[in-house]
Amino acid sequence: MAQQIALSVNGSAVQIAVDDPDMPLLYALRNDLALRGPRFGCGLGQCGACTIIVDGEAVRSCQLPVSAVGDGKITTLEGLGTAEKPHRLQQAFIDEQAVQCGYCINGMIMTAKAILDRTPHPTEAQVREGLMLNLCRCGTHNRIVRAVMRAAKNGGRT
């Protein structure tokens, strides 16, 4: 029997019906709410493609049971900006041409947002360390780091 779970996603209250409360939050975000920012990469929390922000912390949504979110405020890539008015972090990624295939970019941007929210003016070493566990197979790490540094220079806290 399906259980109703209330979530706060990108500033909106939503209800979803789940058969298994241990289902990964990633599945609810993608399948029930049609959000395409968080991606299924490894399913083990090792690549970062599924990263979202819950109460200011970068979290791997493939490892977080939907029932464990509770009253947490979820922010996905879709909650940052729009195509018409991108968030300044998204704009920095565009300006630095930090996207190649795009698969990792959700995790890179969401992790970078959490980094900049904690440390508005990080050093390059802090950015590299903060993004270390996010995988990019295309090799755009240097452009990604430049994008995060650009966003920090253009305003600190996101």
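Please work out if residue 10 is open to solvent by 20 Å² or more (accessible area, probe 1.4 Å) and farther than 25 Å from residue 117 by Cα. Working first, answer last.
Values: open to solvent by 20 Å² or more (accessible area, probe 1.4 Å): yes; farther than 25 Å from residue 117 by Cα: no.
Judged against the criteria, residue 10 is not a match.
Sort through 113, 73 and tell me the only one that's closer than 25 Å to residue 6 by Cβ, of a type in the set (D, E, K, R) and surrounded by 18 or more Cβ atoms within 10 Å (Cβ to Cβ).
When all the criteria are applied, what remains is 113.
For the stretch 22-58, taking the residues that are in a strand (DSSP E or B) and touching a helix residue (DSSP H, G or I) at 6+ places or on another chain (Cβ under 8 Å), the one that is surrounded by the fewest Cβ atoms within 10 Å (Cβ to Cβ) is identified as 57.
Going by the conditions given, is residue 15 more than 12 Å from the chain's Cα centre (by Cα), of a type in the set (S, T, N, Q), modelled with pLDDT of 95 or more and open to solvent by 20 Å² or more (accessible area, probe 1.4 Å)? Show your work before the answer.
Details: more than 12 Å from the chain's Cα centre (by Cα): yes; of a type in the set (S, T, N, Q): yes; modelled with pLDDT of 95 or more: yes; open to solvent by 20 Å² or more (accessible area, probe 1.4 Å): yes.
So residue 15 fits the description; yes.
Scanning the stretch 94-110 for residues that are open to solvent by less than 30 Å² (accessible area, probe 1.4 Å) and under 14 Å from the mean Cα position of the chain (by Cα) yields 102, 104, 105, 106, 107, 108, 109, 110. Of all the residues in the stretch 123-158, those that are over 25 Å from residue 41 (Cα atoms), modelled with pLDDT of 90 or more and not in a helix (DSSP H, G or I) number 1.
The values are calculated or read from the model by the stated rules, or taken from the named source; none is laboratory data. Here the structure is a predicted model, which is why all the values come from computation and not from measurement. Counting neighbours? That spans all protein chains shown, and the Cβs are built from the backbone with ideal geometry, glycine included. When the accessible area is computed, the model is the full protein with side chains, heavy atoms only, and any ligands, DNA or RNA have been set aside. Shrake-Rupley method; radii C 1.70, N 1.55, O 1.52, S 1.80 Å.
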